[in-house]
Structure formats: structure tokens, C-alpha cells
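Below is the structure I would like to discuss, written out as C-alpha cells.
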Amino acid sequence: MATGDLERGAKNRGTSNNNSNFAPYYVETSDKTWTSWLIPTFVIANVAVFVAVMYVNNCPRKNLGLDGDCVAKFLGRFSFQPLRENPLFGPSSSSLKKMGALDWDKIVHDHQGWRLVTCMWLHAGVIHLLANMLSLVFIGIRLEQQFGFGRVGIIYLISGFGGSILSSLFIQQNISVGASGALFGLLGAMLSELLTNWTIYSNKVAALITLVLIIVINLAVGILPHVDNFAHIGGFLTGFLLGFVLLLRPQFGWIETRHLPAGANVKSKHKAYQYVFWVIAVVLLIIGLTLGLVMLFRGENGNKHCSWCHYLSCVPTSRWKCDN
């Protein structure tokens, strides 16, 4: 995209694709396995929205030629903006803004709060779209098969919403698009699910180390310029809390106790710490989302309350600056 625009995670999806290899072994086999249809639907929807954005973009007609010629002209109105303007093979910033990109000014002053949701369905280019959709397939399908479309869909959408809120509080001079906040929410939910259901897994320490390493690497890539790491962090924290709430499993041995004769000593379905995690997560989730929305619509700038937080999204080096 043009210098000064942000695309969420277009460069940070390579490591996420390995998540299917670190799933801990679940030792209770009586759980229902769901057929995944929601995640493929999300993928199709994201692709369809990108096609619609490119149709509206219409580079051959709207490009002024200041940054060069349109790319892939044989695609007609679906051709891409000049690479100097958008190296990800996608539309212009103005087209993304028109179609619902995250824009602090329009959210706060024009009361367009719907952009907190629409931005997660937009992508800056083909590379951005492919990276995010591959990650969504690898991460989301396994979760949907284990927990069903309802819970995974809620985590995905609310995590994307939470990522948009945090992004708007800290990045107010640029637009932002992408599903990465929602994707990080799924990663966060995987981590909390492993922690809250700790007793039913084997190889859990290795799985925990691997999962944490993947999350850290992906977040670390977010400190590069023009990557919206605040959306990643907000989505991850939201998904992490939602995992404690929505992804509880019965404790080890509970399934067998259901078949014991009447009067036998039956285990409780969940352990006490699972209920504690559930309550804490619900309280923090409500407080976090409410506080974030209040601060956002009051026009607050998160950087004024946290002078060092801007380093979470971009760390200046001799090779690049983080002026914006």
C-alpha cells in the first residue's frame, strides 16, 4: 500500500501454518467431531469481498499515473494499483477507505462505528489475502472440528472486533484492514484452551512451548513498519479470554463416571480452577471491551496514556522509521 497505510499481518503468516503439528493429544475420545463449514465460508466471503473491492477500485480508469501504470492490465478493471503505491497487488487506499477500512477519524467524528467490523473483511492485496486465508484454514478448521461453528465463529468475530478497538486507540493517522486480529484471536483461544483443559492432554508441555513460540514469533514480526500489531495484540487478548469462557472441556475421567451406577462417587464436570478462569475472563472481557469503546468514541488517544506502547507496533531501526 501507499506509504502511511497499514495492512494487518500481510507479512506475518508464515509461521502460523505450522499449528496443525503442535496440537496436544486429547486422551478422551468421546467428544463429537464437527464438520467444518464456517471457516471455508469465511474464506469464500473474504475472497468475494476482495473481488468486490477490486471492481470498485477500477485502476485503469482512476489511476492518475503518478506512481506508474496499473499491474496486470489484462484483468481490466480488476487490475492492481502500481507496485510503488501498493506492493501487495491490491487496490488503492481510497478504495479501501470507501469500502470500510478502519479509519479513526470517520469512526469518531462521522460516527461510522461499523468500520470496526467491516475492516476485518478487507485486505490490502492478493499477498495479504492469501497469507491470511491460508492461516485461517490451518488454524480455524481444526478448532471448528473440535468445538463447532458457533463457538469458533464467536471467537473469530469478537476477536476481530477487539483488535479493531485497540488499533483505533493507538493508530489514528492511517487506515487499517485485514483479518489478522481475528486470526490472532483464534491463536489466543488455542492457548487458553490448552491451559484451562490442561488435565485432559498428554504432551502438553511440548505443545505449550511450541504454541507460545509461534505466537511470540508472529507478534514479533508485527514490529515491522506498516503492520498493525495493535490489531494483532487486541485480537489475541480478546481470543485468549474467550477461550477460557467458550472452550471448556470436562475434566479427565468425567466421561467414564457418567456410566457409573446410581450412588457412586461421580466427579464434577469441571475443575474448580476452570470456573475461576471462566469468571475472571468474563469480567476482564466485559471491562476491556467496554472501556475500549468508551475511550474510542470519546476520541481518546491511547498513546497519551502509554508513552511507550507505540513500540509494540513499530520499532525504529537504521533501515526504517516509525514516524507515522
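Report the residue count in the range 103-157 for those that are in a loop (DSSP other than H, G, I, E, B) and farther than 14 Å from Ala179 by Cβ.
Total satisfying the criteria: 6.
Next question, about the same structure. Going through Asn86, Asn132 one at a time, which residue ends up being at pLDDT below 95, surrounded by 22 or more Cβ atoms within 10 Å (Cβ to Cβ) and not β-branched (Val, Ile, Thr)? Give the steps one after another, and end with the answer.
On the way: Asn132 fails: at pLDDT below 95.
Sole residue among the options that is at pLDDT below 95, surrounded by 22 or more Cβ atoms within 10 Å (Cβ to Cβ) and not β-branched (Val, Ile, Thr): Asn86.
Considering only the range 147-168, how many residues are closer than 23 Å to Glu300 by Cβ and crowded, with 24+ Cβ neighbours inside 10 Å? It would help to see each step written out before you state the result.
First, the residues of the range 147-168 that are closer than 23 Å to Glu300 by Cβ: 158-168.
Keeping just the survivors that are crowded, with 24+ Cβ neighbours inside 10 Å gives 159-160, 162-168.
Adding up the residues that qualify gives 9.
Right, something else. Looking only at the range 37-65, how many residues end up being farther than 21 Å from Ala101 by Cβ and in a loop (DSSP other than H, G, I, E, B)?
Here the count works out to 2.
Return a yes/no flag: does the range 197-210 have any residue that is assigned to a loop (DSSP other than H, G, I, E, B), at pLDDT below 90 and buried (at least 17 other Cβ atoms within 10 Å of the Cβ).
The first filter runs over the range 197-210 and keeps only residues assigned to a loop (DSSP other than H, G, I, E, B), leaving 197, 203.
Next, from what is left, pick out any that are at pLDDT below 90: 203.
Applying the additional criterion that residues be buried (at least 17 other Cβ atoms within 10 Å of the Cβ) yields none.
No, that holds for no residue.
I would also like to ask the following. Within the range 53-69, is even one residue under 21 Å from the mean Cα position of the chain (by Cα) and at pLDDT 95 or above?
At the first step, the residues of the range 53-69 found to be under 21 Å from the mean Cα position of the chain (by Cα) are 53.
So of that shortlist, the ones also at pLDDT 95 or above come out as 53.
Looking through the range 53-69, at least one residue is under 21 Å from the mean Cα position of the chain (by Cα) and at pLDDT 95 or above.
The values are calculated or read from the model by the stated rules, or taken from the named source; none is laboratory data. Please read all numbers here as calculations on a predicted model, not as lab measurements. Methodologically, a virtual Cβ is constructed for each residue, glycine included, from the backbone with ideal geometry; neighbour enumeration extends over all protein chains shown.
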